[in-house]
Amino acid sequence: MNKGKSFMKTNNGWLVLIFCMALFCTLALPSEVMADKWDQATKLTSSEPVEVPGQVLPAGSYWFTLADSDSDRNIVQIWNADRTHLVTTILAVPDYREKTPEETIINFEERPSGQPEAIQSWFYPGNNFGEEFVYPKTRAKQLAKQTGRPVLSMPDEQASNAAQIKQASVKAVTPSGEEIALQKSPPPSK
């Protein structure tokens, strides 16, 4: 009778071990697999300098990610090529594309000759909603005048402070320098 109990304890031990391993794989592995989907990590390589809000990135490779925040998914972080150094943090607003992109899409704003192109928006593959970058007010005024189109802006002093970036008031600056409040509209229906 002892042999039967010992056999059952051994089987139960194996079942518990297998269950725990299966549970671990179910909970731990998908988060690793989906990490890029959650933060939308995208490696961009450019042979020319490109402008992002607050600075010009020299030619090279950079990682664009959404900040790890459940409450605000419109903060973009730009990292160096091996993701060991945060280069800058940028405020963005949701942008929408009718057609869902299959690959990463970066929209550039053309600039006068001698100036680097500026990134206007970034779309992650499979998402209709992307991120339109918000430029510091002084630079947004220059860009709007140069391009003849409105450019999203925020106060200069908040643009350089990552802690204040979430509280920034976003407006559009017209080519004439006029500031226009943004209207919040519901997302398009599908």
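Each value in this text was obtained by applying a stated rule to the coordinates, not by laboratory testing. Computed from a prediction, not measured in an experiment: that's the story for all the values here. Counting neighbours? That spans all protein chains shown, and the Cβs are built from the backbone with ideal geometry, glycine included.
The protection proxy used here, the mean number of other Cβ atoms lying within 10 Å of each residue, ranks peptides 47-56, 87-96 as follows, highest first: 87-96, 47-56. Loop-located GluC sites (Glu not before Pro) in the stretch 88-190 (DSSP state not H, G, I, E or B) with no more than 16 neighbouring Cβ atoms inside 10 Å: E98, E102, E103, E110, E178.
Phi angles across the stretch 128-140 convert, under the Karplus curve 6.51 cos²θ - 1.76 cosθ + 1.60 with θ = phi - 60°, into 3J(HN,Hα) values of 6, 9, x, 10, 9, 6, 10, 9, x, 3, 4, 6, 4 Hz, Gly and Pro given as x.
Count the net charge of all other residues whose Cβ sits under 14 Å from the Cβ of P58, scoring Lys and Arg as +1 and Asp and Glu as -1. Don't jump to the answer; show the numbers that get you there.
Numbers: positive: none; negative: E48, E51, E117.
Its environment carries a net charge of -3.
Each label was represented as a point 7 Å from its Cα along the Cα-to-Cβ direction; for E102 and Q115 these points are 3.6 nm apart.
Seen from T174, the other residues with C-beta closer than 13 Å to its C-beta sum to a net charge of +3, counting Lys and Arg as +1 and Asp and Glu as -1.
Residues whose amide H comes within less than 5 Å of that of R149, counting only those at least five positions distant or on another chain, are absent (H built at 1.01 Å from N in the peptide plane). Each residue of the stretch 39-45 was assigned a 3J(HN,Hα) from its phi angle through the Karplus expression (A = 6.51, B = -1.76, C = 1.60, θ = phi - 60°), giving 8, 6, 3, 9, 8, 10, 10 Hz with x at Gly and Pro. Between the stretch 84-132 and the stretch 144-178, the C-alpha centres lie 16 angstrom from each other. For V87, nonlocal amide neighbours, meaning residues 5 or more places apart or on other chains whose placed amide H falls under 5 Å from its own, are I78, W79, N80.
Distant-in-sequence amide contacts of Q40, defined by a placed amide H-H separation under 5 Å and a gap of 5 or more residues or a different chain, comprise L66. The protection proxy used here, the mean number of other Cβ atoms lying within 10 Å of each residue, ranks peptides 75-84, 134-143 as follows, highest first: 134-143, 75-84.
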